[in-house]
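**Q** Have a look at this one.
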Number of protein chains: 2
Amino acid sequence: MTAKILVTNDDGYFSDGIAALAEMLETIGEVTVVAPSSEQSATAHSLTLARPLRVRKISERRYSVDGTPTDCVTLALTKILPERPDIVISGINHGANLGDDVTYSGTVAGALEASIFKLPGIAVSLTARDGDFRPAAEFAADLTLRVLREGLPEGTVLNVNIPVGPVLGVRFTHQGVKIARVSIVDGIDPRGKQYYWIGEQQVSWKQDPGSDYEAIAEGMVSITPLRTDMTDYRTLDDIRNRNGFSF
Amino acid sequence: MTAKILVTNDDGYFSDGIAALAEMLETIGEVTVVAPSSEQSATAHSLTLARPLRVRKISERRYSVDGTPTDCVTLALTKILPERPDIVISGINHGANLGDDVTYSGTVAGALEASIFKLPGIAVSLTARDGDFRPAAEFAADLTLRVLREGLPEGTVLNVNIPVGPVLGVRFTHQGVKIARVSIVDGIDPRGKQYYWIGEQQVSWKQDPGSDYEAIAEGMVSITPLRTDMTDYRTLDDIRNRNGFSF
């Protein structure tokens, strides 16, 4: 039986990463692409509620939506696809999604939204903004086959980051901690008004054995299992044990 | 020394919830409000990168920004506030932020963004869309004092949901699991084109002792400690132990 694969991303329908991914996944299953019509980087797990959404059919099993990756997955699963897919693959993102950046990422959110619908999901990122996406697409296709065969625990998605160049191996990791310095560009617009523009962040990361950052720094593919659960269980246990916050 | 408190939300600067919160917090510290100029519900942890942002000074220590709660906290901490605040409080949200909805919430994201800047953060929601926000604001002010005194672990924020009506107690909880049925309204626009509008979700939740949903259902205030870390540690340990995914 042919696997049914839903593909989305946050860089937009017309980006190179999703094209390479969809092409490679066609070799292992029936691919439907439902992706944002424009770039949706850093849209996180946001849903568009304040306005209606438009779906554009580009060709057979190829659609764009004027919304976020989460909108795309939601509409694909409720309105666009004739039947439930077996898996949702989001990417290939142009640039890494590591550490705290995972929580801003629209690409990761696309995979997380699959888990809300009780489907397995994989987010795939290349750690460079541009380059040859084919080796990463090949890795993604192999991993997709493996997940289709072996399954994932319900609610778990995989966040995969793939370095550019030769891959030295694969490591299962935890989400690291970013050390960020935000750069804000401020200036005066043509009408004389002040503006602020949030820029790229100069990033280093907390030295932290087993983290996603460390794996990438050492030339490995990083695979982090994620859930939508952000509970800080260590602190929750501490509070319960010491009854520290008593009301 | 007077505590310096930054306040934001996702319902927008002109909502009742943030007004009640800011007014109550003024009794315990110096409050600066930096909040979205329009409603930003379900914007999650999204950052506006594709366009510049505008800051409007409304009065002394009162600002609106044409962006998301995450944008507001970022600009407040880098450009607007003359010095670093002691804590960031986000809310009071009009409606609950429980279970998986936490990952869509702009209000929770405002508190999470504080943790990225190594500040304590609290997200506060009233479980009804409207009503009297003052009892919830009072609870938030008490909790803020407590956190200012006792601190929070670095990277931890508190997600507080407060039921309407008499509060029977306070419970520390984990983030529950939503059982959602998405309702999509579709129709034809005035120009004859199809649209889809993502609607409210009919929600129940997984029966799960100790969850945020359960606390609220039982008339308690729910406080969930959260982190930006979404790693599924149980699955990560399983994979490492059984070496299940071997490449």
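The values are calculated or read from the model by the stated rules, or taken from the named source; none is laboratory data. If you're wondering where the values come from, they're calculated on a predicted model, not measured in any experiment. No Cβ is skipped: glycine too gets one built from the backbone with ideal geometry, and neighbour counts run over all protein chains shown.
**Q** Those residues that are in a loop (DSSP other than H, G, I, E, B), modelled with pLDDT of 95 or more and touching a His at 6+ places or on another chain (Cβ under 8 Å), I need them from segment B:12-54; list them, please.
**A** B:Ser15
**Q** Then there is this: So is B:Arg240 among the basic types (Lys, Arg), surrounded by 12 or more Cβ atoms within 10 Å (Cβ to Cβ) and within 22 Å of B:Asp100 (Cα to Cα) or not? Working first, answer last.
**A** Working: among the basic types (Lys, Arg): yes; surrounded by 12 or more Cβ atoms within 10 Å (Cβ to Cβ): yes; within 22 Å of B:Asp100 (Cα to Cα): no.
In short, no.
**Q** Separate question: In segment B:74-102, which residues are of a type in the set (D, E, K, R) and either more than 9 Å from chain A (Cβ to nearest Cβ) or within 21 Å of B:Leu145 (Cα to Cα) (or both)? Steps first, answer last, please.
**A** Of segment B:74-102, the ones of a type in the set (D, E, K, R) are B:79, B:83-84, B:86, B:100-101.
Within segment B:74-102, B:Glu83, B:Arg84, B:Asp86, B:Asp101 qualify.
**Q** Now for a separate question. Taking B:Gly165 as meeting all but one of (1) surrounded by 13 or more Cβ atoms within 10 Å (Cβ to Cβ); (2) more than 8 Å from chain A (Cβ to nearest Cβ); (3) among the small types (Gly, Ala, Ser), write down the number of the exception.
**A** That leaves (1) as the condition not met.
**Q** Let me ask you something else. Any chance you could count how many residues in segment A:19-66 are away from every other protein chain (no Cβ under 11 Å) and under 30 Å from A:Asp100 (Cβ atoms)?
**A** Let us first name the residues in segment A:19-66 that are away from every other protein chain (no Cβ under 11 Å), namely A:19-37, A:58-64.
Now drop any that are not under 30 Å from A:Asp100 (Cβ atoms), which leaves A:19-22, A:24-25, A:33-37, A:64.
So the count comes out to 12.
**Q** Of everything in segment B:109-135, what is within 14 Å of the chain's Cα centre (by Cα) and either assigned to a loop (DSSP other than H, G, I, E, B) or more than 17 Å from B:Ser15 (Cβ to Cβ) (or both)? Give them in sequence order. Walk me through it before giving the result.
**A** Start the filter on segment B:109-135 by keeping residues that are within 14 Å of the chain's Cα centre (by Cα), which leaves B:109-115, B:120-127.
Residues satisfying the conditions are B:Leu112, B:Glu113, B:Ala114, B:Ser115, B:Pro120, B:Gly121, B:Ile122, B:Thr127.
**Q** I'd like to verify a number: residues in segment B:55-68 that are out of contact with any Ser or Thr (no Cβ under 6 Å at 6 or more places or on another chain) and part of a loop (DSSP other than H, G, I, E, B), how many?
**A** Residues flagged as out of contact with any Ser or Thr (no Cβ under 6 Å at 6 or more places or on another chain) and part of a loop (DSSP other than H, G, I, E, B) within segment B:55-68 amount to 1.
**Q** How about segment A:153-162: which of its residues are surrounded by fewer than 19 Cβ atoms within 10 Å (Cβ to Cβ) and more than 8 Å from chain B (Cβ to nearest Cβ)?
**A** The answer is A:Glu154, and nothing else.
**Q** Return only the number of the condition from (1) closer than 25 Å to B:Asp130 by Cβ; (2) buried (at least 18 other Cβ atoms within 10 Å of the Cβ); (3) in contact (Cβ under 8 Å) with a residue 60 or more places away in the chain that B:Ser37 does not satisfy.
**A** B:Ser37 satisfies every listed condition except (3).
**Q** Looking only at residues in segment A:40-54 that are free of Cβ contacts under 8 Å to residues at least 24 places away in the same chain and of a type in the set (A, V, I, L, M, F, W, C), which one is surrounded by the most Cβ atoms within 10 Å (Cβ to Cβ)? Reasoning before the result, please.
**A** First, pick out the residues of segment A:40-54 that are free of Cβ contacts under 8 Å to residues at least 24 places away in the same chain: A:48-54.
Those still in the list that are of a type in the set (A, V, I, L, M, F, W, C) too: A:49-50, A:53.
Working: A:Leu49: 15, A:Ala50: 13, A:Leu53: 21.
It comes out as A:Leu53.
**Q** Related question: Go through the residues of segment B:188-210 one by one and say whether even a single one is under 30 Å from A:Thr173 (Cβ atoms), touching a Gly at 6+ places or on another chain (Cβ under 8 Å) and in a strand (DSSP E or B).
**A** Step one: filter segment B:188-210 for residues under 30 Å from A:Thr173 (Cβ atoms), giving B:206, B:208, B:210.
From what's left, touching a Gly at 6+ places or on another chain (Cβ under 8 Å): B:206, B:208.
The next check asks that each one be in a strand (DSSP E or B); those that pass are none.
No.
**Q** Okay, moving on. Condition (residue is out of contact with any helix residue (DSSP H, G or I) (no Cβ under 6 Å at 6 or more places or on another chain), away from chain B (no Cβ under 11 Å), crowded, with 24+ Cβ neighbours inside 10 Å and β-branched (Val, Ile, Thr)) applied to segment A:123-138: is it met by at least one residue?
**A** No - not one qualifying residue is present in segment A:123-138.
**Q** So, in segment A:1-34, exactly how many residues are among the charged types (D, E, K, R), over 13 Å from the mean Cα position of the chain (by Cα) and crowded, with 20+ Cβ neighbours inside 10 Å?
**A** Let us first name the residues in segment A:1-34 that are among the charged types (D, E, K, R), namely A:4, A:10-11, A:16, A:23, A:26, A:30.
Filter again for over 13 Å from the mean Cα position of the chain (by Cα), leaving A:4, A:16, A:23, A:26, A:30.
Cutting the leftovers down to crowded, with 20+ Cβ neighbours inside 10 Å gives us none.
Result for segment A:1-34: 0.
**Q** Just to be sure before I move on: is A:Ile188 surrounded by 19 or more Cβ atoms within 10 Å (Cβ to Cβ) and either within 11 Å of chain B (Cβ to nearest Cβ) or not charged (D, E, K, R) (or both) in the structure I sent? Steps first, answer last, please.
**A** Numbers: surrounded by 19 or more Cβ atoms within 10 Å (Cβ to Cβ): no; either within 11 Å of chain B (Cβ to nearest Cβ) or not charged (D, E, K, R) (or both): yes.
In short, no.
**Q** Please tell me if A:Tyr233 is in contact with a Lys or Arg (Cβ under 8 Å, 6 or more places away or on another chain) and within 10 Å of another protein chain (Cβ to nearest Cβ). Write out each step before concluding.
**A** Details: in contact with a Lys or Arg (Cβ under 8 Å, 6 or more places away or on another chain): no; within 10 Å of another protein chain (Cβ to nearest Cβ): yes.
Here the answer is no, as A:Tyr233 does not meet what is asked.
**Q** Based on what the data block shows, is B:Ile179 assigned to a strand (DSSP E or B), within 11 Å of chain A (Cβ to nearest Cβ), out of contact with any helix residue (DSSP H, G or I) (no Cβ under 7 Å at 6 or more places or on another chain) and in contact (Cβ under 8 Å) with a residue 60 or more places away in the chain?
**A** Numbers: assigned to a strand (DSSP E or B): yes; within 11 Å of chain A (Cβ to nearest Cβ): yes; out of contact with any helix residue (DSSP H, G or I) (no Cβ under 7 Å at 6 or more places or on another chain): yes; in contact (Cβ under 8 Å) with a residue 60 or more places away in the chain: no.
So B:Ile179 does not fit the description; no.
**Q** Looking only at residues in segment B:136-176 that are β-branched (Val, Ile, Thr) and more than 24 Å from A:Tyr233 (Cβ to Cβ), which one is farthest from the chain's Cα centre (by Cα)?
**A** Restricting to residues being β-branched (Val, Ile, Thr) and more than 24 Å from A:Tyr233 (Cβ to Cβ), the top hit is B:Val167.
**Q** Just checking, which of B:Ser115, B:Ser105 is within 28 Å of A:Lys118 (Cα to Cα), within 12 Å of chain A (Cβ to nearest Cβ) and in contact (Cβ under 8 Å) with a residue 40 or more places away in the chain?
**A** B:Ser105
**Q** Does B:Pro69 satisfy the criteria of being in contact (Cβ under 8 Å) with a residue 60 or more places away in the chain and more than 8 Å from chain A (Cβ to nearest Cβ)?
**A** yes
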